[in-house]
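Participant: Below you will find the structure I want to go over with you.
Every number here is computed from the coordinates shown, using simple stated rules; none is lab data. This one's a predicted model, so the numbers in the text were calculated from it and none came from an experiment. Cβ atoms come from the backbone with ideal geometry, glycine included; neighbour counts cover every protein chain shown.
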Amino acid sequence: MDGRQWRGGERFVHGGGSGELQFTYTFDRRGLQRCGAIEPDGDAMQQYSTEIPELYIPTAFSPNGDGVNDVWQLSDKKDIAKIHVSVFNRWGNEVYESDEIDFQWDGFYKDTEQEMEVYTFYIEVTFDDGSDKFYKGNLTLVR
């Protein structure tokens, strides 16, 4: 990326001198990362694609007051227009719910510190481009 700061959707070209292959890289903030090689005469040789996670969701947090990972939250909230977050304990009881993009769960439910255990989360997201995505997974609370 030649020392430049990357902005989503940019395309970078490497090579392309006389008789060289030209490599093209296309990056999207979400979706696919593509790399292709183009022969000197302009014919595309091959294209490779790699899926990039649309949203990084932490799978553990430690609300122990040390100032590190004390709340469960998303670190990258860009491009999110709307969100609904639910967290359930091992008995299926909902212990946290939020519609706030900047949500932060501190490990409490009704003013009661929750136990160290594995919880299940469900997150419904609408991105700025109008696309919707549903995420589910496990979340470990460590004290």
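Participant: Using each residue's phi in the stretch 69-74, evaluate 6.51 cos²θ - 1.76 cosθ + 1.60 at θ = phi - 60° and report the 3J(HN,Hα) Karplus result to the nearest Hz, with x for Gly and Pro.
Facilitator: My calculation for the stretch 69-74 gives 6, 6, 10, 9, 7, 8 Hz in order.
Participant: Just to confirm a number: summing +1 for Lys and Arg and -1 for Asp and Glu over residues other than Asp70 whose beta-carbon lies under 14 angstrom from that of Asp70, what do you get?
Facilitator: Values: positive: Arg143; negative: Asp66, Asp106, Glu113.
Around Asp70, the charge tally is -2.
Participant: Scan around Ile80 for amide H atoms under 5 Å from its own, H built in the peptide plane at 1.01 Å from N, and keep only partners 5 or more places away or cross-chain.
Facilitator: Asp128
Participant: Apply the Karplus parameterisation 6.51 cos²θ - 1.76 cosθ + 1.60, with θ equal to phi minus 60°, to every residue of the stretch 88-97 and state each ³J(HN,Hα) to the nearest whole Hz, in sequence, with x for glycine and proline.
Facilitator: Karplus-based 3J(HN,Hα) across the stretch 88-97 equals 10, 7, 5, 8, x, 7, 6, 10, 7, 8 Hz.
Participant: Next up: Measuring from label point to label point, each 7 Å out along Cα→Cβ, what is the Asp70 to Asp129 span in nm?
Facilitator: Label at Asp70, label at Asp129, 3.7 nm between them.
Participant: Skipping prolines and chain starts, which residues have an amide H placed within reach, meaning under 5 Å, of the one on Leu139, given they are 5 or more residues away or on another chain?
Facilitator: For Leu139, whose amide H was placed from the backbone, the distant partners under 5 Å are Tyr119, Thr120, Phe121.
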